[in-house]
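One structure is given below, encoded as structure tokens.
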Amino acid sequence: MTEQLIAKQDQASPRTLALAERLRTAIGAAKVLTDPSQLRTYECDGLEAFRVRPGVVVLAEERDDVVRTVKLCAEAGIPFVARGSGTGLSGGAVPVADGVLIVLTRLRRILDVDPDNARMTVEPGVINLAVSRAAAPNGQAYAPDPSSQQVCSIGGNVAENSGGAHCLKYGFTVNHVMGAEVVLPDGKVVHLGGSAPEHPGYDLLGAFVGSEGTLGVVTSVTVRLIKVPEAVQTMLVGFHSVADAAGTVSDIIAAGILPAAIEMMDALAIEAAEAAVQCNYPAGAAAVLVIELDGPGVEVAEQFDHVETLAQARNAFETRIAQDDEERALMWRGRKSAFAAVGRISPSYYVQDGVIPRTRLPEILADIDALAERADLRVANVFHAGDGNLHPLILFDDAVPGATQAAEELGFAILDLCIDAGGSITGEHGVGIEKKSKMASQFTAADLDTMQLVRCAFDPDGLANPGKVFPTPRLCGERPGVRTAGTAPDPTLGEVF
Amino acid sequence: MDLAGVAPAETLVPSTTDEVADILRDTTGTLMAVGSGTKVGWAAPPASCDLMLRMTGLDRVVDHQPGDLVVVAEAGVRLSALQKQLAQHNQMLALDPPEDGATLGGIVGANASGPRRLRFGTVRDLLIGVTVVLADGTTARSGGKVVKNVAGYDLGKLYTGAHGSLGVVVSTTWRLHPLPPARGAVVVRVADAAQAGRFEALLSRSTLTPTAVELRWDGAAGELVVLFESIAASVDAQSDAAIALLGTGERVDTPPPWFGERPRGGIVLRLAYVPHALPDVLTALPDGSSGTASACTGVAYVSVPSDTDLAALRTTIAPHDGSAVVVEAPDELRDRIDHWGPVPDSFGLMKRVKDQFDPGRRLSPGRLLGGL
Ligand SMILES: Cc1cc2nc3c(=O)[nH]c(=O)nc-3n(C[C@H](O)[C@H](O)[C@H](O)COP(=O)(O)OP(=O)(O)OC[C@H]3O[C@@H](n4cnc5c(N)ncnc54)[C@H](O)[C@@H]3O)c2cc1C
């Protein structure tokens, strides 16, 4: 956030404007925006601190619009950035100044629903929740459920490998995407994976998911659907201490129970949610857990009782059990609205995303408290407790000089705690632009160089979403560890078989 | 050890990551890393092999955190040994490929799995971190020690099923599961392919949560095992519900001996297809075929006669997004059989990945799809 990136120019360069003209001819003038006032809307994503005005915005309506746009960008050597719904929280969809932003929200057709094989194929702009809605009549659902599921796009989910509350049991986007059609940065269209499992050859799809738009643009996605479980039970438990809540989480896992979700909120987060959506969480709680179990009825019933007993043993002072879907929705409302809710109790806030080994929760939460106190800032904690994925919400007042920077520094200090604990700087929001400098703390230079070999294979000219994820881009053709030029792969080698 | 008919000029047995790195740095020839060698036949024979690395010397379980359900283990650790150690904490790595003595590195390289993939997925769903040594001796890690982690590209996916052609896997980090307290199965006779398909459909669309649905197929009829692993009450209730759903079946405490084993003899193929195509795939098999199918996942291992026209079989199952990969072939066929079948439209990209990771084509050359 300190390096506020605000594009200075009012107009794109002549080179980019010339590209815009070619784009208008190729895909239709109405889909190509260059008027600065129209471009404003696309300056940032969900992380509003980073803003860059793009040179050109393309509102793609079909796959061929994307193919033609990417081809023309490649010919001109002008970078492009894909954008879904723009809800990303790490600046992944922040445009490149004087580059092209390809907006995919109009590609929102559901292309194929195949209940017999539990598959669905959709365009990238389809909203996450729309997939589950389309699957529901067949008793099926799309498992990954980010809290932003009413607005975020499947293309964005694939790019970020998004998670959600129920990922504890069901896994992340990567575990549910079977195939993708991708426009490579040279404009060539390839199909990674498919509908069936075990496609022969390298699992390029696995490498692509979570690549944050740096390897190409997804133009269709085939997902695997799960069956809607027979039974779902949800409880809301109040504790007088965060340590007791965290201990309960560990006890549940140690008992061999795998809930669909275990979410935690601390007192400040509860206060915010209360102010925003009147979720009526247990009064005076230092922490609440939302615990959901799903599966066959008998299994859920027995394990649910077990979980309740474990919570009691950790001094839970109030346990509420949702009696119907409406009560369940209310329990979830407090949790799912928590990010935005924090806006009710603070002029500004900053969402961090880090992961720690779950067993270290109590200790790390205490450390976060201490850091916050030292920085004289408040931190509300809302997180996926089951898998140790923290979302500290750092509250600050951007009218106070230096407060923004202090919030950012606190966020990064929390990430250091995560790294030191053997965790990760991001569990689901991605590295984007925001955290690329932190990649060098989590990984060695050799690790990062090796990852970028993939980048070099997909995008040797570095045109797809440049400046994201990696702190220092590598020149393709270099060998790791050997930072001298001149070792580009022999182009004839590929033909030798 | 003979590598699918190719004899390595030299064999080394490193016992640390640094030793592996030194070997790769100090040598220039072609090289193949092998664990216990149980799945050497799963890929094409190497174009050449100057040096074989036996990875069984890297056999330490480095770190097991029971509370976090995570284990770090070197590539040469045998799955069976790891399971024994984990079982003391009532945990397991939820992978069940049957190959006796298989090492973790080999399982990753070959992307081996077993029946319980239905519930727990495969290597790509369970491997959360990996360390490899690249062709030039660089040691590089991706992923980490926490289940949820999206920092950087997930290269574990790329090394899975790559048969060591992108780098030598030296260490692996896994997500674990609790050992289920109870298990039980329902065994059902299957009269023909159409009935196998009906059972698959009924189970796939029901809310039952079996950990495996395995079909043994003798070419015309077979036997279906629906495995439940959970708390006792759930195993009980679900077993009864499965019998009611299928209209037939018998409860057993343990699955029959064929469960989870791979077929042997002739040409053994790993078939993959969309799950509901099961009956079509079964009827596409030539006379004299037999094998097992993980019925609700779309994967089967079948033995087909040695004179099978693989190209024709591949064409027949192609409409089901089908593929057929050779995992075992008679010696006399080994060098001329098409192991992998046709290349996809992403093959050019796969070649570029190989060129980036291994520009000198040192690592398991020729083992993969399209001669990669
Ligand atoms: C209130 C709120 C709650 C959230 N909760 C969660 C949560 O619970 N879990 C979670 O994981 N995330 C969460 N997020 C973050 C965000 O919603 C996800 O990262 C989401 O996947 C982004 O989707 P999008 O369509 O908005 O993508 P964008 O923000 O538009 O783009 C994100 C990245 O994807 C790339 N991209 C987009 N479309 C494509 C495409 N078709 N091809 C290639 N690359 C593409 C972009 O270049 C960018 O790098 C939350 C965000 C908000 C605002």
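The values are calculated or read from the model by the stated rules, or taken from the named source; none is laboratory data. Given the structure is predicted, the values throughout are model-derived calculations rather than measurements. Note: ideal-geometry Cβ built from the backbone for every residue, glycine included; neighbour counts use all protein chains shown.
Here are a few things to note about the model shown:
- The lone criterion from (1) in the same structural domain as A:E75 (by TED's automatic domain parsing); (2) buried (at least 23 other Cβ atoms within 10 Å of the Cβ) left unmet by A:D98 is number (2).
- Identity of the residue in segment A:428-455, part of a helix (DSSP H, G or I) and under 8 Å from A:V469 (Cα atoms), that ends up farthest from the other protein chains (Cβ to nearest Cβ): A:K436
- Segment A:284-315 - residue that is farther than 15 Å from A:P259 by Cα, of a type outside the set (V, I, T) and touching a helix residue (DSSP H, G or I) at 6+ places or on another chain (Cβ under 7 Å) and, of those, farthest from the other protein chains (Cβ to nearest Cβ): A:A285
- Elements of type strands (runs of 3 or more DSSP E) in segment B:148-243, at least 1 residues being under 30 Å from B:L53 (Cβ atoms): B:168-175
- For A:P185, the stated conditions hold: it is assigned to a loop (DSSP other than H, G, I, E, B), more than 8 Å from every other protein chain (Cβ to nearest Cβ) and more than 20 Å from A:I110 (Cβ to Cβ).
- A:V277 being touching a Ser or Thr at 6+ places or on another chain (Cβ under 6 Å), on the phi < 0 side of the Ramachandran plot and within 16 Å of the ligand (Cβ to nearest atom): yes
- Of the strands (runs of 3 or more DSSP E) contained entirely in segment A:71-176, those carrying at least 2 residues that are under 20 Å from the mean Cα position of the chain (by Cα) and within 14 Å of the ligand (Cβ to nearest atom) fall at A:80-83, A:100-103.
- Put simply, of B:D236, B:D253, B:D240 the only residue that is touching a residue at least 60 places away in the same chain (Cβ under 8 Å) and of a type outside the set (V, I, T) is B:D253.
- Inter-residue pairs, beta-carbon under 6 Å, first not assigned by TED's automatic domain parsing to the domain that holds A:R335 and in segment A:147-171, second among the acidic types (D, E) and near the ligand (Cβ under 6 Å from one of its atoms), 6+ apart: A:A159/A:E212; A:S162/A:E428; A:G163/A:E428
- Matching residues in segment B:345-365 - criterion: being at the interface with chain A (Cβ under 7 Å from one of its Cβ atoms) and more than 18 Å from A:A207 (Cα to Cα): B:P359, B:R361
- Residue in segment B:33-73 that is nearest to B:L179 (Cα to Cα), counting only those that are within 19 Å of the chain's Cα centre (by Cα) and in a strand (DSSP E or B): B:A73
- Any hit, segment B:310-323, residues being more than 9 Å from chain A (Cβ to nearest Cβ), small (G, A, S) and farther than 26 Å from A:V190 by Cβ: yes
- Residues of segment B:72-112 satisfying the condition of being surrounded by fewer than 24 Cβ atoms within 10 Å (Cβ to Cβ) and of a type in the set (V, I, T): B:V72
- Some residue of segment A:357-380 being within 14 Å of chain B (Cβ to nearest Cβ) and within 13 Å of the ligand (Cβ to nearest atom): no
- Residues satisfying the stated conditions in segment A:172-182, i.e. within 9 Å of another protein chain (Cβ to nearest Cβ) and under 22 Å from A:V103 (Cβ atoms): A:V182
- Filter result for the condition that a residue is in contact with a Leu (Cβ under 6 Å, 6 or more places away or on another chain), among the acidic types (D, E) and buried (at least 22 other Cβ atoms within 10 Å of the Cβ), over B:E214, B:E200: B:E200
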